[in-house]
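Scroll down for the structure; my scribbles are underneath it.
The values are calculated or read from the model by the stated rules, or taken from the named source; none is laboratory data. Nothing here was measured: the structure is a model prediction, and the numbers come from that model. Counting neighbours? That spans all protein chains shown, and the Cβs are built from the backbone with ideal geometry, glycine included. The accessibility values were calculated without ligands, DNA or RNA, using every heavy atom of the protein model including side chains. Shrake-Rupley method; radii C 1.70, N 1.55, O 1.52, S 1.80 Å.
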Amino acid sequence: MLPRHNDPIAAIATAPGRGAVGIVRVSGKGVAPLVRVLCGRDLKPREATYLPLRDAAGGPIDHGLALFFPAPHSYTGEDVLELQAHGGPVVLQLLLARCLEAAQEPLEGHRSVLPGLRLAQPGEFTERAFLNDKIDLAQAEAIADLIDASTEAAARSASRSLSGAFSEEIHGLRDALVHLRMLVEATLDFPEEEIDFLQKADASGQLARLRGKLDQVLSRAHQGALLREGIKVVIAGQPNAGKSSLLNALAGAELAIVTPIAGTTRDKVQQTIQIEGVPLHVIDTAGLRESSDEVERIGIARAWDEIAAADAVLFLHDLTRMGDNDYLAADAAIAETLAQKLPGQVPVIDVWNKTDRAEPAQLQVHGGREGSVALSARTGDGLDALRRRLLDVAGWQSAPEGLYLARARHVEALQAVAAHLEEAELQLAAQAAHLDLLAEELRLAQVSLNSITGEFSSDDLLGVIFSSFCIGK
Ligand SMILES: Nc1nc2c(c(=O)[nH]1)N(C=O)[C@@H](CNc1ccc(C(=O)N[C@@H](CCC(=O)O)C(=O)O)cc1)CN2
Ligand SMILES: Nc1nc2c(ncn2[C@@H]2O[C@H](COP(=O)(O)OP(=O)(O)OP(=O)(O)O)[C@@H](O)[C@H]2O)c(=O)[nH]1
């Protein structure tokens, strides 16, 4: 059974382990009596009070700070009590247990101090903040992303999303969309003059401007999602091309085993590296070749699975083998299978390795091929060009100021909005425009947009229509 949304909840709010300070937090309706029992008095709202924290028998647990945030002015929008104590795990467990126990003590009549106080589920405080309209869904996600951020750029942009920068963009789009919908839905009631009416109101101009704004937000959200989620880059190629060496060179560490023995890498090795703050999940795979070795064959099958799920593939070639017809034929066969297995939009970057040992004639093989890179995994020569090329295929447009963090979910929702607006444009441009279809596409666009911030507002749309249009005119 799902926990109920109106039970009071309690949890240790700080990271497990030993910290200088740790916090136990309680949120719910009617927390004031618990404050009285735990602290021995009422607390001034939102003011830190230093006091002894005791167990049921009056024995000392710790001295700490207590903070009471009466509803609605708190993180969750409910009454919140914080006990800030020394950050040892035992102290905090004792305090948490004391809260749960004190909640059960009888108050007047047959009521207890804080009936139903229970441990919080993960994310439940923030969920309450969302349910109580303190933050929207995108902001709630930004809180999780801020805590999880592994780069400074990700943290700063998550913080920007949390303070509402992304949500404001979505609201801007929503307002323009609602305006357009009002126009179309009102027109539905006057079928004789509908097209005229829409033309006068410049509906197609409004729609085009909305598309333009949407494309801007989409592109920025895509950048934000890139910063948060990164892309998956798979290094593929024949045995001994230098795949493991390349992973190590990119990571700046000896992660994968490098030997002159072909077929050394049997299973994938993954490492997340950062280029300009963009996380790249780089995967080294088993060398691709016909093999009779059972273990190696499984490794090769896995390599193809990884390739099929890649956002970009680095197809590595050994320059010192150029001129070897068998090697070239095997490369050509791999290229063909890559083309078959990969969806069209997944880029394959040809990487020509071992420039340090290649003959001039061999070096010419890669000569000027569009988008390909020649490098030496051993000396590091050419690695920067590869890094730039990777950022390029990832679609990274060097950190514009004021970037906000977004998720793949947001990008997908915005893409759905774009698709509905495109349909709407077609309907509007059609000779015999179907206004009901147009209205439906716009409605679906709004449903997708609302899913980003978590608002579902079909009813309030009607409110807007009737309050701002003079239908009886
Ligand atoms: N000790 C402590 N530090 C913390 C938190 C916390 O809950 N406790 N936070 C959370 O985990 C974050 C801060 N988030 C918060 C968000 C809103 C309110 C709050 O009291 N809001 C009121 C008043 C706003 C105001 O005075 O401007 C409100 O929204 O009405 C408090 C903390 C980070 N630091
Ligand atoms: N001279 C030179 N040798 C390299 C370079 N990169 C890799 N090698 C050598 O090539 C051999 C194979 O390198 P690996 O990185 O193990 O190759 P791999 O593609 O991972 O091989 P498998 O695991 O068999 O698929 C090793 O002896 C490396 O030292 C390079 O840029 N220059």
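Residues whose amide H falls under 5 Å from that of residue 381, counting only those 5 or more places apart or on a different chain, are 376, with hydrogens built in the peptide plane.
Sort the stretch 233-370 into rounded, prolate or oblate with this rule: let a ≥ b ≥ c be the square roots of the eigenvalues of the Cα gyration tensor; rounded if a/c is under 1.5, and if a/c is not under 1.5, prolate when a/b is larger than b/c, oblate otherwise. Rounded is the answer for the stretch 233-370, as its axis ratio a/c remains below 1.5.
Can you list which of the GluC sites (Glu not before Pro) found in the stretch 172-255 are DSSP loop residues with at most 15 other C-beta atoms within 10 Å? Let's see the in-between values first.
On the way: sites: 185, 192, 193, 194, 229, 254; in loops: 254.
In loop regions of the stretch 172-255 (DSSP not H, G, I, E or B), the sparsely surrounded GluC sites (Glu not before Pro) are 254.
Protection proxy ranking for 290-300, 157-167, 49-59, using the average of other Cβ atoms within 10 Å per residue and placing the highest first: 157-167, 290-300, 49-59. Its alpha carbons give the chain an Rg and a Dmax of 30.1, 95 Å.
Apply the a/c threshold of 1.5 to the C-alpha gyration tensor of the stretch 108-179 and tell me whether it is rounded, prolate or oblate.
On the way: a/c = 4.49, a/b = 1.67, b/c = 2.69.
Note, shape of the stretch 108-179 comes out oblate.
For residue 278, nonlocal amide neighbours, meaning residues 5 or more places apart or on other chains whose placed amide H falls under 5 Å from its own, do not occur. Remark: the Cα gyration tensor places the stretch 111-243 in the oblate category, a/c being 1.5 or greater and a/b not exceeding b/c. Karplus-derived 3J(HN,Hα) values for the stretch 80-90, using 6.51 cos²θ - 1.76 cosθ + 1.60 with θ = phi - 60°, are 10, 10, 10, 10, 9, 10, 6, x, x, x, 6 Hz; glycine and proline are entered as x. The residues of the stretch 97-222 expose on average 51 square angstrom of accessible surface per residue, using a 1.4 Å probe on protein heavy atoms. The modelled label-to-label distance for the pair residue 388/residue 259, using points 7 Å beyond Cα in the direction of Cβ, is 3.8 nm. The helix-based estimate of mean residue ellipticity at 222 nm for the chain, built from -39,500 (n - 2.57) per DSSP H run of four or more residues and divided by its residue count, is -15000 deg cm²/dmol to the nearest 500.
Extension gain, residue 412-residue 63: 0.36 nm per intervening residue step, less the Cα-Cα distance, totals 120.7 nm. Using R0 = 22 Å, the C-beta based FRET efficiency linking residue 340 and residue 302 works out to 0.75. Report the gain in length on full extension from residue 276 to residue 118: 0.36 nm times residue separation, minus Cα-Cα distance, nm rounded to one decimal. Gain on extension, residue 276 to residue 118, equals 52.5 nm.
State the percentage of accessible surface on the stretch 82-144 attributable to carbon and sulfur atoms; use a 1.4 Å probe and exclude ligands, DNA and RNA. Roughly 60 percent of what the probe reaches on the stretch 82-144 is carbon or sulfur.
Over the stretch 230-300, with the other protein chains present, what is the accessible area per residue in square angstrom, probe 1.4 angstrom? Numbers along the way, then the final one.
Details: 3040 Å² over 71 residues.
Computed with neighbouring chains in place, this is 43 Å² per residue.
Based on protein heavy atoms only, the stretch 1-67 ends up with 59 Å² per residue of surface accessible to a 1.4 Å probe. Over the chain, what is the percentage of antiparallel beta bridges among all DSSP beta bridges, to the nearest 5? In the chain, DSSP labels about 60 percent of beta bridges as antiparallel. Farthest towards the positive end of the charge dipole of the stretch 169-325, among the residues 225, 198, 258, is the Cα of 258, using unit charges on the Cβ of Lys, Arg, Asp and Glu.
At 1.4 Å probe size, with the rest of the protein present, what percent of the exposed accessible area of the stretch 147-293 is carbon and sulfur atoms? After summing per-atom areas, the C and S share lands at 50 percent.
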